[in-house]
1. Going 7 Å from the Cα of A:LYS630 in the Cα-to-Cβ direction, what parts of the stretch A:586-601 have a backbone nitrogen less than 11 Å from that spot?
2. Find, to one decimal place in angstroms, the Kirkwood hydrodynamic radius of the stretch B:632-691, where the mean of 1/r is taken over every pair of different Cα atoms and then inverted.
3. To the nearest 10 square angstrom, what accessible area does B:HIS463 show with a 1.4 Å probe?
4. Output wanted: per-residue J couplings in Hz (rounded whole) for the stretch B:199-214, from phi through Karplus 6.51 cos²θ - 1.76 cosθ + 1.60, θ = phi - 60°, x for Gly and Pro.
5. As a test of the formula, what do you get for chain B when each DSSP H run with n ≥ 4 contributes -39,500 (n - 2.57) and the sum is divided by the residue count, at 222 nm and rounded to the nearest 500 deg cm²/dmol?
6. Ordered by packing density, taken as the mean number of other Cβ atoms within 10 Å over each peptide's residues, highest first, how do B:453-462, B:222-231, A:128-137, B:473-482 rank?
7. Please give the peptides A:59-67, A:496-504 ranked by average Cβ packing (other Cβ atoms within 10 Å per residue), highest first, as a rough proxy for protection.
8. Under 5 Å between amide H atoms, partner at least 5 residues away or on a different chain: which partners does B:ALA62 have, H built in plane at 1.01 Å?
Amino acid sequence: MVEHGDIRVVHRGGSKIDFREPVITNDSRFLLCASGECVKVFSTSTEECIHNLQGHTDLVTGLLLKPSNHLQVYSCSADGTVRLWDFTDGILIKTYVIGCPIYSIYASANHEGIIFIVTSTLNDKRSELFQLVAVHLPQSGDQLVEARELSAVLGDVSCNPEAIAFGRGGEYIVSAKGLQLEVYFFKKQKSYRFSLKEDNKKGGKNTFMCVACHPKDDCIATGHEDGKIRLWRNFNHKKEYTYCTLHWHHSAVSSLRFTPEGTNLLSGGMESVLVQWRYNQESQRDFLPRLGAAITHIAVSPDGALFCTSHADNKITIIQSCVKVSAVIQGLVKGESVSSDLIVDPRSKALVLNGKPGHLQFYSLQRDKLLFNLDIVQQEYIHESGLQQFEVVKAAFDASGNWLATVEERKQKAAELELNLKLWAFDEQTQSFVLNTTISAPHEARITAMCFCHAVDSQTTMLVSTSKDGHFKAWQLAAAAHTEDEGPSWSCDFVGAYHSLAPECCCFSADGSLLAVSFQEVVTVWSPASWELLTTLSQPPGAVRDLCFGRLSCSKYLLGTTEKNLLCCWNLLTCSLEWSTSMDVSLLLADPVSENMAAFCCQEGCTDLFVFKPSEPRPLFSHKAVCSGKVTRAVFAPREEMLESCEESSQWLNRSQLYFLTPYMDLMTFTTKAEEQRLMASSQQLVIDDSVAMTPFYLLLGKHRQQREEDQDSLSGLFAERKHLPQGSVAIKELLQTPAHVLPSTSFLCSMFVQSLLVSVTDAREEKQHAEEEMESQKEEEDSEGEMEFSTSRPEEASVGNQAAESAAPPLTKAQGRELRRLKKLDHSWLFSLLD
Amino acid sequence: MGEFKVHRVRFFDYMPSAIRAMALCRRSERLALARADGALEIFNFADNYFQEKLIPGQDGRAVEALCWVGQRLFSAGLNGEITEYDLENLRPKYTVEAYGGPIWTISTNSQGTVLAAGCEDGTVKMFEILEERIQFQRNLDRQKGRIISLSWHPSGTLIAAGMMDMIRIFDADTGHATHRLLVERGIGASKSREVVVWSIAFLSDHTIISGDSAGKVQMWDGLTGTLVRTHLVTKWDVLALAVSQDESSLVAGTSEGTVVQFQFISSSVGQQDKDWVRTRTFKNHSHDVRALAHTETAVVSGGMDTQLVVRPLLDKVEKNTQESALRKIAFPHRSLVCCAKKAGLLLFQFPDHLELWRLGESEGHGKPGDSLAVKRKPEKLIQLKRKGEDHICCSALSPCGGWLAYATVSSVRLYRLQFNNNNISITKSPPSLQVSKLPKILHSAHQLCFSSDSSRLFASSSHSSVIVVALSQSECKYLHTLKPKSGSRQPVHLLFASEDGKWLATANTDCEIHVHNLHKLKLHCTVPVYSSCPTAIAIHPTTSNLVMVHADQQIFEFSLVQKEYTEWSRKLQRQGLHPLWVQRDTPVTHITFNPENPAHIILHDMFMFCIVDQSLPLPEAKTLLYNQMTLKSLPEPERIKHNHAFKICKNFQHLMCVSLLEDHSLVVVERPMLEIMSQLPAAVRQKKFAT
């Protein structure tokens, strides 16, 4: 057995981004969110992921901008550390080791050097009780700091991060748990508790769900299970506290936030509607409906310009303060289960699986981004519990990615099973799939397997579906017979059966010449060309669970797993069993680009992975306990670029990557050490330099400067590059850098300036001549100008030679430039004469 | 507890009248309440919200506003008159015509020297309050449009007047308007309608708070005349406002039946600048809240749905006490039903007529809980319309059923009923009535009562005196006036003549109970005065003990022979009543005795009736008060252990009267609240979620 060495199971992509409240940076340009074991930095305008802050070794459970430095962010994790990051450059600054799992993090500007975290009491991981602890962060230059100075602030708090909030200026902290609200004043070191009755006469449930504090007034907003929002005031009295009740939500309020000015209160919940209440005029409210899924968190940017809402379907919506959606960051949509297999779209290399109800989602693994959702069912989804609706249960692509076959079914209790087989053609123009054929009721019973013929050279595409009704059907694309205007559509080509047994799975050989269909214990091999039953293979006892043809050099092998813990390999040339081994394989997969096969075995509640070649008796790789529970969905995703790994155990990862879904719906993959290092390196290279605000002035000046920097690299092509220079830069430079008292009159300059902004239509050839003529005289004069310019420019640019400045003179405005220069000379002489 | 045949009477279709106005006298803790039919009620908030006095209404008198000036009560209405009431004789004292058309509001300054009335013609009329009268002083500058609401600044120099579309502030000295605050109209369809400023409050910090028909509660700066804040409270009207005495809390009543509280709260801890913030919303009414009062500890509201609701503010009272319970006062705290025990007749009193019913009969016996088949249906014998425009204030039916008397503010009428046997012809020819000639002295009465042998009529008169009139077939003759020695000027509200004709007990609102000896026609004794007002009194037919129940639910028994409290009463006081008994929120309005078992006292309030068995041990305060159903299910030895004197029956609800007839059948008169609710006009439409 080969030890797995440096191969590790990691979360790579597709992790939850709605787990905790996202953070918007002070300038509203970045959005940070906890995503599995890392922190992602998104751009709020482009929705792109800019950085992946990696370092935590367990789930990240909280994010918080450092109150004293808005360019740094704290993250806390269940691994017991708090890390401080520079998110603009993606650098880990410090790691504070707390030593026990942290569930959420809070801080306020009022408490310098102190962060507040929620940990379980008694340092017991399983304990159901949580406490709020103040952590004094030691001032130290080290990267790794032990923070052991903990002091409990509040005992018995909720582990829900929404249930604790800092009040005005950090003077008090509010915690809600169950039916009790606790307000702790730091100055007086006194806490006030207010309890509500469990439920009132009208059946309202008063359990606290979330709290928020007004930034300027002493007002606490609490959300409740029955959808009510209470605004508490006067809570520094035991008895004379008061509250008013707002009621719009019909089910629990899951998040509440005040805008930074305190003029509005935002609330969200199950209804997937963002409600904006006017503070002190609560009868006025704005709604942002149809946000797609239940709101789990609301975040507001420090300047109040942006809101963002996290949704239960792993989505973050960025909303402008005028209550308009401006961007949507969509993660991998995960329901309770995936009913279709994981498949990879050959065209976009995207992972395809169930997404929103009735949809297939295309998820780019490389970019960790949802590409699009394909509506398969094309019916309105009704949010109602207990209502049976159409679900996509099977999906398959053909080899080229031109065809997509989907099966949707609906099983209502008393009614018959409704089945639809849909075939989708890829449309080059719209770059998406278009419905070609809908076959309603393709089989009489549930479809158990479906596969396309993967032969590359075959003339026609063929789809085989097997069903519990005892038949397997082959579907073929055929030109429409009767009408001319309709394109080709799919129709049934062959119906096969074997001893009225129910077929379980089917598989085409790599060249498409053979089709294997398993009928319980029997594997039948058919020729798709003639629909002849070629041979039957059988290895009782136990029905066949998975079938797989070998690839490339191993294409003579057919592998199958049975329910009686047997992995068999048949040689198709001899039609005999080559080898078999006893293992409980829950999933057998073939790598489409190599001979390798992967088998997930379930043993004692854990899943082990074996990677092997059918021709070799020894597994290439094995990994014990990749995850707990049974793995039923996995896929080999071909890599975009080959990995150069020489180690024997990791060679199987060179051409493709193996992704699998754990029973808890986490998408995991295998990674090598080399790959990780490469990823780390690439992420650290990225440094963004756009610290200058994008003003029109910046566009004029900055572009010019940028251009010039480029020119410096190619000093030889100095003059050739001139054409690209922005027009008008000379005039602006003249305007800005000549002292005001020596400038000609504004009316004169103005017309010139306006002219310089116009697009010149001068003949380029003429210009070139012009340029050559001018070269000599220009050089002398611009030396002095260069001096002037560099005195004002940034020091790092000063190292560049004086000649660089010459590039600043664009040929298109040469005429004007000359004019100006002449005028300046005139002016100077005039001045000199005066001085004389 | 014994088994009774019960006449479950549900044909008394008593309909209380809507509440129109309220005024709270903070000094004496009395609330005056005006109903739509012109009747006035006075509640004593210091004494368990007991309805102390009742001034019957009058046709054509619609009270629109009430105002206390010291201990004097004034009202004004759309008939254009200002009335002062005589609270000792329970009648209007005098009426002054304001000559300004209908009066919408009256308000007095804090000094109690001037009464301002807002009239339909746009004038604010100032009346000087003199010792015995009020006198017109002058008009403030006349405005266009009616004056709907008025509020004095506590200094007495400024008056704010709510009008159509605007609020005006007047200088009370010069009479000129100093500010004109324009009130915004509603949005949408109501844009074209004038907005009515229904209510206004002028606070000592010169903040003016207005409630208007567009559903807004607005805070204005009275010095500059600028709008400070608008709270949109309802889609309908804000009809009433009330401010607490310390001006830290404000309540607004709306047409939706909600009462919205605003509090004057500093926005952040430790800071001085305060702001009016909307806080709680109470919904205890189904219809318009027309009148509001804000006491120290509670919000009192009343409106179209006829109930007076006392909603305690939980931040001002101790939790889980009697004070912290919500109270709804739906029925008057005195009996409107009179039962002729011997004849089996019931007299129902309405404001403008009386109804005499004969109880039905049934045959056979059934198990407890069975309903028996009715052999003879109950029938209405007489419907007697009152004469004159004054409403009936009290009525009585003699035990034999031969006499009927009622009184209004201005007259007392006595009728003789004659039955021509029990044949069917009764229905066709009603019993003949003949008005007896009454002695002149009997011109008004607060309470009427017949002696058990129907030979005497007792009528309570002014200064707690009782007039005794002898009745016979031919004539009625004035006999005597019984006067207590205390010299109390308060009216007698309870009268009870003993079965043997020897004693007459009277109770007045000064909490005094006097017992007169009718044989000697003089005062026999005075029961020691208890702090709470008696709500029901009765004299035991055999033992001649006087049983009294007070507004604070205490029960006393006084022996008339020994002139002292009985042993049982002392024991009850020593041991104390069970908390569950004390916490009931409706007073006991009637006491009867069971002739079969002299130890039984039958009491009832609105929600239960109770048989107090004096032979059984009293319940311990700390133990559970077992009801009869659970006691019945217990095994014998335990039942005896847990048995207690208070046998409470809650099978019948919303009781108007419980009485025991001579044939030992129980008459229970119910008036279900649902029936009253169903007779109310339709409430404003409100959108309900998921409809």
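The values are calculated or read from the model by the stated rules, or taken from the named source; none is laboratory data. Since this is a predicted model, take the numbers as computed values, not measurements. Cβ sites come from the backbone with ideal geometry, for glycine too, and all protein chains shown count toward neighbours. Heavy atoms of the whole protein, side chains included, go into the accessibility calculation; ligands, DNA and RNA do not. Shrake-Rupley method; radii C 1.70, N 1.55, O 1.52, S 1.80 Å.
1. A:586-587
2. 16.4
3. For B:HIS463, solvent-accessible area is about 80 Å².
4. So the Karplus estimates, Gly and Pro as x, are 8, 8, 9, 10, 8, 5, 8, 6, 8, 10, 10, 10, x, 10, 6, 8 Hz.
5. Counting only the DSSP helices, I get -1000 deg cm²/dmol.
6. B:453-462, A:128-137, B:222-231, B:473-482
7. Peptide ranking by packing, descending: A:59-67, A:496-504.
8. So B:ALA62 has HN proximity to B:LEU78, B:ASN79.
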